[in-house]
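**Student:** Dumping the structure here so I can ask a few things about it.
The values are calculated or read from the model by the stated rules, or taken from the named source; none is laboratory data. Quantities reported herein were computed from a predicted structural model and do not represent experimental measurements. Cβ placement follows ideal geometry from the backbone for every residue including glycine, while neighbour counts extend to all protein chains displayed. With ligands, DNA and RNA removed, areas are computed over all heavy atoms of the protein, side chains included. Shrake-Rupley method; radii C 1.70, N 1.55, O 1.52, S 1.80 Å.
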Number of protein chains: 2
Amino acid sequence: MPGRWPTSTPGPALAARRRRLREQLQGPALLAAGWPRPRNFPHNCHPFRAESHFLYLVGRQLPGAALWLEPGAERLYAPPPEPEARLWHGPEPSLAELEAELGLEVRPITELPRAETAATLPPQDPTAAEWLSGQLGRVVKASALPSESADVALAEALIALRLIHDDAALAQLRQAALVTCDAHRAGLRATRPGLREAQVRAQMEATIVGAGMTLAYWPIVTADGHILHAQRHDGVLAPGDLLLADVGAETPEGWAADVTRTWPVSGRFSPTQRAAYQAVHTAQAAALAAVRPGARYTDVHRASQRALLQCLLDLKLLRGSLEELLVCHAVALFYPHGVGHLLGLDVHDMEDLGDRAGYAPGRARQQNPSARYLRLDRELQPGMVVTIEPGFYQLPELLAAIEPGSALDRALDREQLARFADVKGIRIEDDVLVTDAGHEILTAALPSEVDAVESAMRG
Amino acid sequence: MPGRWPTSTPGPALAARRRRLREQLQGPALLAAGWPRPRNFPHNCHPFRAESHFLYLVGRQLPGAALWLEPGAERLYAPPPEPEARLWHGPEPSLAELEAELGLEVRPITELPRAETAATLPPQDPTAAEWLSGQLGRVVKASALPSESADVALAEALIALRLIHDDAALAQLRQAALVTCDAHRAGLRATRPGLREAQVRAQMEATIVGAGMTLAYWPIVTADGHILHAQRHDGVLAPGDLLLADVGAETPEGWAADVTRTWPVSGRFSPTQRAAYQAVHTAQAAALAAVRPGARYTDVHRASQRALLQCLLDLKLLRGSLEELLVCHAVALFYPHGVGHLLGLDVHDMEDLGDRAGYAPGRARQQNPSARYLRLDRELQPGMVVTIEPGFYQLPELLAAIEPGSALDRALDREQLARFADVKGIRIEDDVLVTDAGHEILTAALPSEVDAVESAMRG
């Protein structure tokens with residue numbers, strides 16, 4: 001039977017977003033959807049994915065379209081379907097049908113006037129950047145940060161909206177989260193020694209594709225969990241390996257999930273793997289306990305770090321006091337990344353705007369090893385969705401870089417660490433909605449407790 | 001057990017290609033690999049796929065690299081691995097290791113001198129086009145056709161090489177073909193009424209991803225086979241439907257397969273579906289019989305058209321004589337596309353150069369309905385690989401456009417056609433190597449006879 005299938009955001013929900021944005025505008029704004037990007041020749045393109053700000057306000061993948069907004073008006077400009085395209089691509093909605101579906105005035109893109117006063121946001125598509133440069137009479141560079149003051153004001157207005165997810169956005173995020181949980185369950189069940197990493201990845205991806213979604217990002221499915229963004233899937237799984245899978249679905253409208261689990265290839269964690277897994281799970285629980293309205297995300301990050309450090313002390317991988325270990329950034333040796341980030345239309349939501357969305361005004365990244373990779377420093381509010389994803393890794397580069405005789409060198413018990421040689425990398429990542437009451441784990445359908453993970457592998 | 005796994009083209013085979021190209025060069029040439037394309041923010045890119053001409057000569061996916069060729073010298077310029085990237089992406093080969101592996105001098109990209117006299121080919125990546133414009137001191141536009149005479153000469157030299165596949169290329173094409181056959185078998189076995197098209201697509205794609213390959217193009221998996229390039233996969237399969245799947249794998253080095261099969265969702269063709277399928281199969285057999293060295297591909301195309309027309313006469317869908325039907329282009333009503341195209345690193349090989357590769361010098365597309373979509377008009381030579389892919393479709397747009405009282409109108413039996421209502425579209429496509437003796441079907445591992453297709457669905 002056909003399973004659940006992604007739904008579209010209704011026109012009125014999109015109209016409400018545009019109305020709220022227009023209330024913040026000082027002048028006109030123009031946002032491009034972008035064009036399909038030729039992969040190896042013009043007719044063979046990467047799958048089209050519109051720019052996120054456009055998707056937030058229009059909700060449809062419309063190549064070559066652009067949204068025009070003014071305080072008192074809004075209009076979608078789109079290329080009319082070409083008659084010959086019908087033969088090759090089947091019937092596409094006419095502009096009138098699009099207008100009726102979206103409840104938004106739609107005109108042919110050729111009628112869009114040049115608008116030298118309009119604000120915009122730099123798109124990721126270089127062709128769209130060139131097109132916007134022509135329309136606006138100024139240079140718009142692809143993948144750049146907004147710098148003109150009108151563009152910065154538009155960015156701030158969009159950030160304020162997109163930080164707090166409305167019901168329609170949450171409906172999309174929940175769909176992506178559920179399919180992603182299914183995909184991880186498929187990966188858990190498919191894993192066995194002798195397979196390639198790619199074969200487990202394939203089963204996870206098939207769950208996502210079969211559910212009408214796409215990957216939100218390049219999937220990590222690796223027995224080399226210590227390579228934080230491992231891109232290869234050619235390794236053959238050995239019985240003693242841990243498999244780390246960081247895989248998330250994206251709905252047809254572009255809303256993402258981002259989930260990581262780590263499981264034993266043999267179906268049973270070794271004692272050291274189990275101990276390390278439980279340390280990461282404890283760190284995740286500590287972070288989750290801190291997720292509530294008003295909490296500062298840096299405190300969530302630190303809660304996970306302190307909990308992990310205490311576990312590493314208990315496991316005798318580190319020695320000394322918690323406070324000493326915090327001072328010498330011992331946590332960053334095993335857990336060098338942030339506890340998570342914003343999640344929405346982008347897996348790192350609004351990262352096209354740099355740290356402007358993740359960092360509250362007046363805040364910037366700290367440069368110390370414990371915090372420099374943290375992508376979010378805001379007070380949490382109901383409606384925000386964040387990931388919570390602590391990890392534990394044996395990173396050869398970082399271990400080799402410890403200065404002999406340093407505080408970190410004295411804190412580390414290398415003999416004990418050698419006993420954990422079968423733990424290359426573990427990460428546990430869930431997607432979490434901040435609610436009035438505290439939080440809700442959107443990916444709770446996927447178990448994370450050590451016994452439940454083993455049990456899910458048996459199907 | 002890990003199955004077959006894609007191999008890399010050995011350095012000496014790549015060196016031989018470069019040597020043969022350099023023998024044709026009048027001056028220097030610079031070919032860019034391209035960069036990863038940001039999808040929705042700079043760190044979330046489409047999977048990187050280097051430009052095909054670069055891959056042909058270097059064989060490795062090297063973002064940001066460029067190949068410098070002169071009659072007497074060759075050099076690869078590449079970005080050295082960044083130290084911090086090791087933490088995130090794991091160890092990458094140093095430039096010295098790359099040099100040893102490829103047997104090609106490798107230097108840091110920063111040492112590449114500006115070269116205003118070098119020829120190039122327009123890349124698909126706009127960032128690469130901008131970079132080349134800077135290096136060459138002239139405007140190079142992405143996805144454009146070569147127009148400067150030095151660029152055209154470079155294109156012609158590369159076409160001459162890439163038209164005739166060497167053993168290393170054939171090894172890659174065979175690997176892609178075999179995995180693609182496996183993928184179609186997975187699709188045949190997975191199909192049942194009530195599934196979404198996406199669920200069958202997912203199983204086919206999983207076979208390709210699990211074998212360490214990627215999709216060579218956006219897959220067509222549709223019960224609406226009459227939509228020639230149907231892009232959606234959301235339809236629910238009904239027992240009486242035919243499912244048309246046009247899905248091909250691409251090796252990690254970029255070599256493609258391109259295969260179509262059409263099968264009954266219920267596992268059994270209806271009598272009309274069986275008759276129409278056999279008509280297409282007969283047309284394919286007639287085309288294959290014509291594939292041999294020296295044959296002109298337009299004659300292969302016409303052989304498939306004549307065979308299909310004769311079948312349509314036999315099925316009483318058309319009336320009149322074969323010659324009359326050819327004159328009024330009746331075949332284009334049911335089979336409006338070409339019998340196939342070149343296959344290699346691109347699924348439409350070298351289509352980045354427009355028709356320059358597909359059409360022999362002095363030839364151009366005919367504008368009549370029977371030939372205008374044909375992508376290839378050359379005499380076949382041993383070492384060429386082409387697709388052979390006739391089809392039969394009921395195309396509402398074309399049927400509605402028939403002029404009342406025209407020869408076509410008189411030839412068509414609409415009552416008889418109505419009895420074939422359960423045949424929306426059928427295509428059978430294989431990948432074929434021209435050999436000294438005639439040809440070899442690279443995708444022969446996948447059955448195409450009507451009974452064999454039914455039998456493959458039972459597993």
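**Student:** Take the conditions within 14 Å of another protein chain (Cβ to nearest Cβ) and over 29 Å from B:TRP35 (Cα atoms) and apply them to A:PRO83. Does it pass? Show your work before the answer.
**Tutor:** Numbers: within 14 Å of another protein chain (Cβ to nearest Cβ): yes; over 29 Å from B:TRP35 (Cα atoms): yes.
It is true that A:PRO83 is within 14 Å of another protein chain (Cβ to nearest Cβ) and over 29 Å from B:TRP35 (Cα atoms).
**Student:** Looking at this structure, is A:ALA245 of a type in the set (A, V, I, L, M) and out of contact with any Lys or Arg (no Cβ under 8 Å at 6 or more places or on another chain)?
**Tutor:** Numbers: of a type in the set (A, V, I, L, M): yes; out of contact with any Lys or Arg (no Cβ under 8 Å at 6 or more places or on another chain): no.
Spelling it out, it is not the case that A:ALA245 is of a type in the set (A, V, I, L, M) and out of contact with any Lys or Arg (no Cβ under 8 Å at 6 or more places or on another chain).
**Student:** So if I check each of A:GLY267, A:GLY210, A:GLY294, which one is closer than 30 Å to A:TRP5 by Cβ and not aliphatic (A, V, I, L, M)? Outline the logic, then answer.
**Tutor:** Values: A:GLY267 fails: closer than 30 Å to A:TRP5 by Cβ; A:GLY294 fails: closer than 30 Å to A:TRP5 by Cβ.
Matching residue, one of A:GLY267, A:GLY210, A:GLY294: A:GLY210.
**Student:** Take the stretch B:138-163 and flag every residue that is free of Cβ contacts under 8 Å to residues at least 40 places away in the same chain and part of a loop (DSSP other than H, G, I, E, B).
**Tutor:** B:ARG138, B:VAL139, B:VAL140, B:LYS141, B:ALA142, B:ALA144, B:SER147, B:GLU148
**Student:** Still on this structure: Which of the residues that make up the stretch B:123-137 are among the small types (Gly, Ala, Ser), in a helix (DSSP H, G or I) and surrounded by fewer than 20 Cβ atoms within 10 Å (Cβ to Cβ)? Let's see the steps before the verdict.
**Tutor:** Taking the stretch B:123-137 as the starting set, the residues that turn out to be among the small types (Gly, Ala, Ser) are B:128-129, B:133-134, B:137.
In the following step, the residues that additionally are in a helix (DSSP H, G or I) were identified as B:128-129, B:133-134.
Result: B:SER133, B:GLY134.
**Student:** If you scan the stretch B:321-343, which residues turn out to be within 14 Å of chain A (Cβ to nearest Cβ) and either β-branched (Val, Ile, Thr) or within 14 Å of the chain's Cα centre (by Cα) (or both)?
**Tutor:** The first filter runs over the stretch B:321-343 and keeps only residues within 14 Å of chain A (Cβ to nearest Cβ), leaving B:332-338, B:341-343.
Across the stretch B:321-343, the qualifying residues are B:GLY338, B:HIS341, B:LEU342, B:LEU343.
**Student:** With (1) surrounded by fewer than 23 Cβ atoms within 10 Å (Cβ to Cβ); (2) of a type outside the set (A, V, I, L, M); (3) closer than 23 Å to A:VAL179 by Cα as the list, and A:THR207 as the residue in question, which single condition is left unmet?
**Tutor:** (1)
**Student:** Every residue in the stretch A:164-196 that is open to solvent by 10 Å² or more (accessible area, probe 1.4 Å) and part of a helix (DSSP H, G or I), please.
**Tutor:** A:ASP167, A:ALA168, A:LEU170, A:ALA171, A:ARG174, A:GLN175, A:LEU178, A:ASP182, A:ARG185, A:ALA186, A:ARG189, A:ALA190
**Student:** To continue, here is another question. Quick one: A:ARG292 ticks every box in (1) crowded, with 23+ Cβ neighbours inside 10 Å; (2) touching a residue at least 60 places away in the same chain (Cβ under 8 Å) except a single one, so which number is it?
**Tutor:** (1)
**Student:** Could you pull out every one of the strands (runs of 3 or more DSSP E) wholly within the stretch B:363-454 that has 3 or more residues that are over 16 Å from B:LEU309 (Cα atoms)? Walk me through it before giving the result.
**Tutor:** Values: elements: B:385-388, B:391-393, B:425-427, B:430-435, B:438-441.
Correct list: B:385-388, B:430-435, B:438-441.
**Student:** If you check B:ALA115, B:ALA142, B:ALA128, which single one turns out to be among the hydrophobic types (A, V, I, L, M, F, W, C) and farther than 21 Å from B:SER52 by Cα?
**Tutor:** After applying the criteria, what remains is B:ALA115.
**Student:** Out of all the residues in the stretch B:218-241, which are acidic (Asp, Glu) and more than 16 Å from A:PRO91 (Cα to Cα)?
**Tutor:** Step one: filter the stretch B:218-241 for residues acidic (Asp, Glu), giving B:224, B:234, B:241.
B:ASP241 - this is the single residue of the stretch B:218-241 that is acidic (Asp, Glu) and more than 16 Å from A:PRO91 (Cα to Cα).
**Student:** Additional query: Let me confirm something: among A:LEU57, A:LEU62, A:LEU76, which residue is farther than 29 Å from B:ILE220 by Cβ and either out of contact with any Ser or Thr (no Cβ under 9 Å at 6 or more places or on another chain) or not in a loop (DSSP other than H, G, I, E, B) (or both)? Walk me through how you get there before you give the answer.
**Tutor:** Details: A:LEU62 fails: farther than 29 Å from B:ILE220 by Cβ; A:LEU76 fails: farther than 29 Å from B:ILE220 by Cβ.
Testing whether each residue is farther than 29 Å from B:ILE220 by Cβ and either out of contact with any Ser or Thr (no Cβ under 9 Å at 6 or more places or on another chain) or not in a loop (DSSP other than H, G, I, E, B) (or both) leaves just A:LEU57.
**Student:** Out of everything in the stretch A:399-447 that is acidic (Asp, Glu) and surrounded by 14 or more Cβ atoms within 10 Å (Cβ to Cβ), what residue ends up being nearest to A:LYS316 (Cα to Cα)?
**Tutor:** Taking the stretch A:399-447 and keeping what is acidic (Asp, Glu), we get A:403, A:409, A:413, A:415, A:422, A:429-431, A:436, A:440.
With surrounded by 14 or more Cβ atoms within 10 Å (Cβ to Cβ) added as a condition, the list becomes A:413, A:422, A:429-431, A:440.
Values: A:ASP413: 7, A:ASP422: 16, A:GLU429: 25, A:ASP430: 28, A:ASP431: 31, A:GLU440: 34 Å.
Per the stated criteria, the residue is A:ASP413.
**Student:** Every residue in the stretch B:229-240 that is free of Cβ contacts under 8 Å to residues at least 60 places away in the same chain and either surrounded by 14 or more Cβ atoms within 10 Å (Cβ to Cβ) or not in a loop (DSSP other than H, G, I, E, B) (or both), please. Step through it out loud before you land on a result.
**Tutor:** Residues of the stretch B:229-240 free of Cβ contacts under 8 Å to residues at least 60 places away in the same chain: B:229-239.
Of everything in the stretch B:229-240, those that are free of Cβ contacts under 8 Å to residues at least 60 places away in the same chain and either surrounded by 14 or more Cβ atoms within 10 Å (Cβ to Cβ) or not in a loop (DSSP other than H, G, I, E, B) (or both) turn out to be B:HIS229, B:ALA230, B:GLN231, B:ARG232, B:HIS233, B:GLY235, B:VAL236, B:LEU237.
**Student:** When you scan the stretch A:27-45, do you find a residue that is under 27 Å from the mean Cα position of the chain (by Cα), open to solvent by less than 10 Å² (accessible area, probe 1.4 Å) and away from chain B (no Cβ under 14 Å), even just one?
**Tutor:** For the stretch A:27-45, residues under 27 Å from the mean Cα position of the chain (by Cα), open to solvent by less than 10 Å² (accessible area, probe 1.4 Å) and away from chain B (no Cβ under 14 Å): present.
**Student:** Which condition number in (1) within 30 Å of A:LEU395 (Cβ to Cβ); (2) touching an Asp or Glu at 6+ places or on another chain (Cβ under 8 Å); (3) at pLDDT below 95 is the one that B:VAL106 fails?
**Tutor:** Status for B:VAL106: all satisfied but (3).
**Student:** Can you tell me which residue within the stretch A:334-362, out of those that are touching a strand residue (DSSP E or B) at 6+ places or on another chain (Cβ under 7 Å) and assigned to a helix (DSSP H, G or I), is surrounded by the most Cβ atoms within 10 Å (Cβ to Cβ)?
**Tutor:** Within the stretch A:334-362, the match that is surrounded by the most Cβ atoms within 10 Å (Cβ to Cβ) is A:PHE334.
**Student:** If a residue must be in a loop (DSSP other than H, G, I, E, B) and surrounded by 15 or more Cβ atoms within 10 Å (Cβ to Cβ), how many such residues does the stretch A:80-90 contain?
**Tutor:** Of the residues in the stretch A:80-90, the ones in a loop (DSSP other than H, G, I, E, B) are A:80-84, A:90.
Adding the requirement that they be surrounded by 15 or more Cβ atoms within 10 Å (Cβ to Cβ) leaves A:80-81, A:90.
Residues that pass the stated criteria total 3.
**Student:** Mind checking which residues of the stretch A:202-221 are β-branched (Val, Ile, Thr) and either within 9 Å of chain B (Cβ to nearest Cβ) or more than 17 Å from A:ILE428 (Cβ to Cβ) (or both)?
**Tutor:** So the first thing to find is which residues in the stretch A:202-221 are β-branched (Val, Ile, Thr), and the list is A:207-209, A:214, A:220-221.
Residues satisfying the conditions are A:THR207, A:ILE208, A:VAL209, A:THR214.
**Student:** Return the residue satisfying two criteria in turn: it lies in the stretch A:101-122 and is farther than 26 Å from B:HIS229 by Cβ and loosely packed, with under 15 Cβ neighbours inside 10 Å, and of such residues it is nearest to the chain's Cα centre (by Cα). Walk me through how you get there before you give the answer.
**Tutor:** Start the filter on the stretch A:101-122 by keeping residues that are farther than 26 Å from B:HIS229 by Cβ, which leaves A:103-105, A:107, A:111-122.
Now narrow it down to the ones that are loosely packed, with under 15 Cβ neighbours inside 10 Å: A:103, A:105, A:111, A:113-114, A:116-117.
Details: A:GLY103: 30, A:GLU105: 32, A:GLU111: 36, A:PRO113: 36, A:ARG114: 35, A:GLU116: 34, A:THR117: 33 Å.
Applying the filter and picking the extreme gives A:GLY103.
**Student:** Exactly one condition in (1) surrounded by fewer than 21 Cβ atoms within 10 Å (Cβ to Cβ); (2) within 9 Å of chain A (Cβ to nearest Cβ) is false for B:HIS226; which is it?
**Tutor:** (1)
**Student:** Do any residues in the stretch B:1-13 that are farther than 15 Å from A:ALA198 by Cβ have Cβ atoms under 6 Å from those of residues that are at pLDDT below 95 and part of a loop (DSSP other than H, G, I, E, B), where the two are at least six apart or on different chains, and which pairs are they?
**Tutor:** Here the result reads B:GLY11/B:GLY103, each pair linking the stretch B:1-13 to a residue that is at pLDDT below 95 and part of a loop (DSSP other than H, G, I, E, B).
**Student:** Given the condition closer than 30 Å to A:PRO146 by Cβ and out of contact with any Phe, Trp or Tyr (no Cβ under 9 Å at 6 or more places or on another chain), answer yes or no: does some residue in the stretch A:391-398 qualify? Steps first, answer last, please.
**Tutor:** If we filter the stretch A:391-398 for residues that are closer than 30 Å to A:PRO146 by Cβ, which is where we start, we get none.
No, because not a single residue in the stretch A:391-398 is closer than 30 Å to A:PRO146 by Cβ and out of contact with any Phe, Trp or Tyr (no Cβ under 9 Å at 6 or more places or on another chain).
**Student:** Residues A:GLY267, A:GLY248: which one is closer than 25 Å to A:PRO336 by Cβ, more than 7 Å from chain B (Cβ to nearest Cβ) and not aliphatic (A, V, I, L, M)? Walk me through how you get there before you give the answer.
**Tutor:** Working: A:GLY267 fails: closer than 25 Å to A:PRO336 by Cβ.
Only one candidate qualifies: A:GLY248.
**Student:** Also, quick follow-up: In the stretch B:369-400, how many are more than 22 Å from B:GLN273 (Cβ to Cβ), in contact (Cβ under 8 Å) with a residue 40 or more places away in the chain and not small (Gly, Ala, Ser)?
**Tutor:** 13
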